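Note sheet for the following structure.
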Amino acid sequence: MLRLVPLFAFVCACASAPPPAPVVPRAPGPAAGASAEAVPAKRQPKTQPVVPAAVPSPPAACAEFVAHATSGCAPVGPVRPALASALAKEDLVARDAALACLEAREELPLGSLRALRAELAPAACGDALVMPVLEAPAKPLGAELESTLAGLMVSARFSRLLADPPKLEGAVDKQRFMSFFVERLSPWVLSEAAAIEKLSAEGAHLAGYGRGVAAIAAGNADLRFVQMVRDVPLPDEMKADQSVVDAYYGELDQALEPRKVRGRDAALVGLRAFAELGALSDPRVASARALLNELWAGSRIDALDRVILPPLEALDASTPELVLAARLPTFYTKTWLPELDASDPKLLRALLERGVPAAYRAKLDAAKLSDHARSLYARALVQSGRQFFRASDFKRARDVLGVSPSGDLARLLAALAQALENGPADATELMLKGPFVRGTGDVSALDAEAARRGRFAGYAAFDAALVLALAPKQDDAAFWDGVAKRFERADKLLAAEPRPPAELAGKRAREFAEAARSTAAALRGQRP
């Protein structure tokens, strides 16, 4: 044990040390097969990105995506119906083939469809798709798109790291473990750590959306690294002694802390970029939040996930524009659908599937909205605030709805926004200071809505109980008794719903009441 822990600490500390400033060689001429370094913020001479040795090559399956024809196969007619038809395909390969055929269409900015293909293809294939465009674009790329392509390249390489850690099979004794650790695990740890350092440095030079994509990938990689090192199984003779296990993980966690913090900070940079973009649904955001929640459980970054909202109305997919609004990742909507009327309730409903871009939000803020559109926009803001813990989104939702919201849904959204608008400015403040840093939630409006016994009274009652539970009174059993009663009341009001709201993952409100009562009993030193 005494030899093992310092060795682990040494490896992890070395892996966490900040790298020297990267020195990237200039690219050779085209005949030598130059490739493009990501330098979008300011136009600089192209450099050849150095792929860290630890990054595996793209999997063989990527070749099928790269080989798809990009000319001579485009359907005749307007581009939007063809793009909507391609995006509606569920099969990844078929969808990519249809998108590839549209790359030569002049209606779309050069390289933007290649970026979209990299977004929608398997994550490990992203660089295989974007590198040909970065290396030899048919004409100069815009700075924003160049940064996006480079961010997708870096993200794809991050996704292939940490995929196949060495494993020690069979019975594990101390001697076998030490041999495995020195000969196989330590070299792998150092190699993967060096690759993360190099890719992180490349991503840090990007701008805009590309920087956000690279940052969230870097954060996820560092956090996965911490997970994997912690998951290395101990020898049986060590596991048999709990004091040894505790000492081992205590020193290991201390050694991993710098990397864990760096992963957190990079992930938070990425989350902020996606929040500012207006994204509401993105797998990279979901992955970052899950990792932060696992490794920083005290942050409660998922604390608002169970705030319940009524089901959305059915999606209208009757036009290509509505299909695109519902299926395009948020970054591309502003580029390909710039002229659409964001105040149209059908369009707003479609955008709630992926996100309402910041450019659309600015138009909505300046527009005279119908009650229907106002409720949909407020819902988008509440969903964004719930996902990214952004007080400004909740405040804006209240402003949009006004002092006298019209209708049950508008009143529920306004009441919920009022309860949460004094929370953290964003996920960064949440992780540093907790879910309520400027006072507790004001649930008076939610209580009033529950008392009205309107359509969404159960939602209001449940959300009020949940918000109060975010900032409990310390060591106060009576507080938890009150929360339990609130959940029980919510359960009765929600009983008319055909199924529990999706946010509850199949649970009933009474299960939350039982948990609150157990907490109260524990504080009183009683058995629940």
Q. Being outside any helix (DSSP H, G or I) and under 20 Å from residue 357 (Cβ atoms), is that true of even one residue in the stretch 413-429?
A. yes
Q: Kindly provide the set of residues from the stretch 324-372 that are among the acidic types (Asp, Glu) and within 26 Å of residue 286 (Cα to Cα), ordered by number.
A: 353
Q. Looking at 321, 353, 313, 339, which is the one that is among the charged types (D, E, K, R) and outside any loop (DSSP other than H, G, I, E, B)?
A. 321
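Each row is one residue, and each column tells you yes or no for (1) in contact (Cβ under 8 Å) with a residue 60 or more places away in the chain; (2) within 22 Å of the chain's Cα centre (by Cα).
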| residue | (1), (2) |
| --- | --- |
| 91 | no, no |
| 94 | no, no |
| 97 | no, no |
| 101 | no, no |
| 118 | no, yes |
| 123 | no, yes |
| 135 | yes, no |
| 139 | no, no |
**Q.** Scope the stretch 237-262; condition in contact with a Lys or Arg (Cβ under 9 Å, 6 or more places away or on another chain) and either outside the structural domain of residue 201 (by TED's automatic domain parsing) or touching a residue at least 24 places away in the same chain (Cβ under 8 Å) (or both); matching residues
**A.** 237, 238, 252, 256
Q. Cβ-Cβ below 6 Å, separation at least six or inter-chain, first residue in the stretch 398-423 and over 18 Å from residue 385 (Cα atoms), second of a type in the set (D, E, K, R) and part of a helix (DSSP H, G or I): which pairs?
A. 405/411; 406/371
Q. Which one is farthest from residue 352 (Cα to Cα), of the residues in the stretch 367-382 that are surrounded by fewer than 20 Cβ atoms within 10 Å (Cβ to Cβ) and of a type outside the set (A, V, I, L, M, F, W, C)?
A. 368
Q.
Looking only at the stretch 285-317, how many residues end up being closer than 19 Å to residue 216 by Cα, more than 15 Å from the chain's Cα centre (by Cα) and free of Cβ contacts under 8 Å to residues at least 40 places away in the same chain?
A. 1
Q: Go over the candidates 516, 502, 477, 509 one by one and state the one that is of a type outside the set (Ser, Thr, Tyr), surrounded by fewer than 19 Cβ atoms within 10 Å (Cβ to Cβ), within 30 Å of the chain's Cα centre (by Cα) and not assigned by TED's automatic domain parsing to the domain that holds residue 441.
A: 502
Q.
Return the residues of the stretch 217-247 that are polar (S, T, N, Q) and in contact with a Ser or Thr (Cβ under 6 Å, 6 or more places away or on another chain); say none if nothing qualifies.
A. 220
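The values are calculated or read from the model by the stated rules, or taken from the named source; none is laboratory data. Here the structure is a predicted model, which is why all the values come from computation and not from measurement. Every residue, glycine among them, receives a Cβ derived from its backbone with ideal geometry; neighbour counts consider all protein chains shown.
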